[in-house]
Amino acid sequence: MLNEKIAKLINEQINKELYSAYLYLDFANYYADAGLDGFAHWYEIQAREESDHALMMRRYLIDNGLRVTFDAIAKPDKKFADNIAPLKAGLEHEQYVTSLINTIYGEAFAIKDFKTMQFLDWFIKEQGEEEKNAEDLLKKMEVFGTDSKGLYALNQELAARVYTPSQTGPQT
Ligand code: FEO
């Protein structure tokens, strides 16, 4: 049985991950409207990954005999002044999510909940990758995105992103 506080934090994190999916779909909406379909595609895949994260956490709670409960998902309401603004918001959001995962990890560490620490190891690594991806994308946009040819090429590059599903179903 999981510690009550840990279970509550993971249940809350499901909501944050689903919000992340919603947020990134909103970024995709912005880019689709701006005619940057490669950027939109990149964020559509990002949203699918976030949904996977939520499903992995839901599965972890279920596999530990817990009843998962859902809250309302907040409305993504960011307004973007230009094409680079969602990328900056995306990096900030990932840094925030890293802090949330670290908090849960810290709680698990404090009570020697090794099983949850092992479960969260995947997310710690994933957050490192997601922050790096967001930083790289932002840098590329700063270097190449200010010129229309560079923006076109970057849009083409992002259109090639491929979705790789995470393990979201029963683990046994
Ligand atoms: Fe599920 Fe981008 O963190």
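The values are calculated or read from the model by the stated rules, or taken from the named source; none is laboratory data. Given the structure is predicted, the values throughout are model-derived calculations rather than measurements. Cβ atoms come from the backbone with ideal geometry, glycine included; neighbour counts cover every protein chain shown. Please note that ligands, DNA and RNA were not included when accessible areas were found on the heavy atoms of the full protein model with its side chains. Shrake-Rupley method; radii C 1.70, N 1.55, O 1.52, S 1.80 Å.
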Practice problem: Return the ratio Rg/(2.2 N^0.38 Å) for segment 129-172, where Rg is computed over Cα atoms only. | Solution: 1.62
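Heavy atoms only, 1.4 Å probe, whole protein assembly: order M57, M1 by accessible area, highest first. It would help to have the intermediate numbers written out before the result.
Numbers: M57 0, M1 180 Å².
Putting M57, M1 in descending order of accessible area: M1, M57.
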Quiz item: Can you list the lysines whose alpha carbon sits under 28 Å from that of K115, skipping same-chain ones fewer than 8 residues off?
Solution: K5, K8, K16, K125, K132
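At a threshold of 8 angstrom on Cα-Cα distance, excluding pairs fewer than six apart, so keeping six or more, what relative contact order does the chain reach in percent?
On the way: 167 pairs, mean separation 55.5, N = 172.
The normalised contact order for the chain reaches 32 percent.
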Practice problem: Any chance you could tell me what percent of the C-alpha pair distances in segment 39-98 go past 18 Å? | Solution: 51
Quiz item: So what's the back-of-envelope 222 nm ellipticity for the chain, counting only DSSP H runs of four-plus at -39500 (n - 2.57) apiece and dividing by all residues, rounded to 500?
Solution: -26000 deg cm²/dmol
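Find, among the trypsin sites (Lys or Arg not before Pro) in segment 82-172, those assigned to loop by DSSP (not H, G, I, E, B) with at most 13 other beta-carbon atoms within 10 angstrom. Could the numbers behind the result be given before it?
On the way: sites: K88, K112, K115, K125, K132, K139, K140, K149, R161; in loops: K112, R161.
Qualifying residues, ordered by number: K112.
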Quiz item: Rounded to the nearest whole Å², what accessible area per residue is found for the chain with the 1.4 Å probe?
Solution: 57
Practice problem: With r as the distance between the Cβ atoms of R67 and Q156 and R0 = 45 Å, compute the FRET efficiency 1/(1 + (r/R0)^6) and round to 0.05. | Solution: 0.45
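Return the inverse of the average 1/r over all pairs of distinct C-alpha atoms in the chain, which is the Kirkwood hydrodynamic radius, in Å to one decimal. Don't jump to the answer; show the numbers that get you there.
On the way: mean 1/r = 0.0587 Å⁻¹.
The answer is 17.0 Å.
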Quiz item: What ranking do 21-32, 58-69 get when scored by the average of other Cβ atoms within 10 Å per residue, highest first?
Solution: 21-32, 58-69
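Accessible area of the chain with a 1.4 Å probe: how many percent of it is carbon plus sulfur?
On the way: 5220 of 9720 Å².
Summing carbon and sulfur atoms, their accessible area is 54 percent of the total for the chain.
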Quiz item: Okay, which of segment 1-35 sit inside 16 Å, backbone N to the point 7 Å along the Cα-Cβ direction of Y96?
Solution: 12-28
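Would you mind calculating the gained length between D121 and T103 on full extension (0.36 nm times residue separation, minus the Cα-Cα distance), in nm to one decimal? Don't skip to the answer; put the middle values down first.
Numbers: separation 18, 0.36 × 18 = 6.48 nm, distance 1.28 nm.
Extending this stretch completely gives an extra 5.2 nm.
If you stretched the chain out fully between E129 and F144, how much longer would it get, using 0.36 nm times the residue separation minus the C-alpha to C-alpha distance?
Values: separation 15, 0.36 × 15 = 5.40 nm, distance 2.19 nm.
Contour length minus Cα-Cα distance gives 3.2 nm.
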Quiz item: Label-point separation (nm) for I45 and M1, each offset 7 Å from Cα along Cα-to-Cβ?
Solution: 4.4
Practice problem: Compute the convex hull volume of the Cα atoms of segment 1-70, divide it by the residue count, and report the result per residue in Å³ as a whole number. | Solution: 57
